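Every number here is computed from the coordinates shown, using simple stated rules; none is lab data. All values reported here derive from a predicted model rather than from experimental measurement. Don't worry about glycine lacking a Cβ; one is built from the backbone with ideal geometry, like all the others, and counts go over all protein chains shown.
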Amino acid sequence: MKLVDLKARMAEMEVRAKKALGQNFLVSETVIARILERVQAVNPEMIVEVGPGLGSLTEGIFERSPTLVELDSVFAQYWRERGLEVVEGDALRIDWNKLPLKENSWLVSNLPYQISSSIVVDRSVGPQNIVGMILMFQKEVAQRLMAEKRTSAYGFLSVIAQNFWVMKKVVDAAPKDFHPPPKIASRVLEFRRRTVSGLDAGFVGFTKAAFAQRRKFLLKNLKAVGNKDWASVFQEMGINEKARAEELTPEQFAELYRRWKSK
């Protein structure tokens, strides 16, 4: 879909990007093509798109009859009239477990920046039918998702994402690739769900508590999580009692959580 088409659609619908909703419409044909190539390659049985907006991605997946999640009532009505299934509401508040997802469902989105991190965390714990995601992020957030331990970018988000997903970069996007252009660079990542055992929604709160005060020793942070002989657990796992959260791998956090749950 060409840039002129998007501008014409904005004029036709008498809409403009709403800053409050984090709307930055993707207009780069190159970036759009790269995202759609990945969608074609993974060949999902079902697609859920968050925030279709003017349809820079939606037009390319239209024949796959995606289910759309749209907060903006004008866009929701537009796509509903085009014959697509639309869930009108906030992607962070709707009940994803009530969506009629097929076994091989993928989430595809040029995400509003303010909800990107939360979407990844929320979808990590389900629904399990969402087996993959192709999502746009602020480049800094994408780097945090894939950061290695002992780096400044490594933290809560890194641990959650890397435990639940295998990730890889799809394409970078510059401010000029959007309308209106944001002030930062962006990056699209592909996620494929890992098969994990013993990790549930409680792992999110556990990990968040572990990183609550980064400069404190992890042992002290975990004591606030719940009653457990953490010193013995650290010794059994070969973790230094003076280690900070950023020094542990995502796998070590998963094992700590499993041991805590088995108390």
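Numbers at a glance
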item: Cβ crowding within 10 Å averaged over residues, with 132-138, 103-109 ranked highest first; result: 132-138, 103-109
item: Net charge dipole size for the stretch 202-261 [Lys, Arg +1 and Asp, Glu -1 on Cβ; Debye, nearest 20]; result: 320
item: Links that overshoot a 23 Å alpha carbon limit, given the list LYS208/LYS228; LYS208/LYS242; LYS149/LYS208; LYS169/LYS216; LYS98/LYS261; LYS139/LYS176; result: LYS169/LYS216; LYS98/LYS261
item: Antiparallel bridges, percent of DSSP beta bridges restricted to the chain (to nearest 5); result: 50
item: Spatial separation of Cα centroids for the stretch 132-149 and the stretch 208-262, in angstrom; result: 24
item: Proxy reagent accessibility, fewest Cβ within 10 Å first, across SER158, SER232; result: SER232, SER158
item: Amide H partners (placed H, <5 Å) of VAL108, local residues excluded; result: VAL48, GLU49, VAL50, ILE134
item: Cross-link partners of LYS183 among aspartates and glutamates (Cα-Cα below 16 Å; sequence separation of 8 or more within a chain); result: GLU140, ASP172
item: Furthest towards positive pole of dipole, VAL39, PHE164, TRP79, structure part the stretch 3-193, Cβ charges; result: PHE164
item: Relative contact order (percent, whole number), the chain, Cα cutoff 8 Å, 6+ residue spacing; result: 16
item: Inter-centroid distance (Cα atoms) of the stretch 30-69 relative to the stretch 92-119, Å; result: 13
item: Cα-based convex hull, the stretch 3-193, per residue volume (Å³, whole number); result: 109
item: Local electrostatic count, ILE184, Cβ distance below 11 Å [Lys/Arg +1, Asp/Glu -1]; result: +2
item: Karplus-derived 3J(HN,Hα), 6.51/-1.76/1.60, for each residue of the stretch 213-229, Hz, glycine and proline x; result: 10, 4, 7, 7, 5, 4, 4, 5, 5, 6, 4, 7, 6, x, 6, 6, 7
item: Compactness of the stretch 205-263, expressed as Rg and Dmax over alpha-carbon positions, Å; result: 10.0, 28
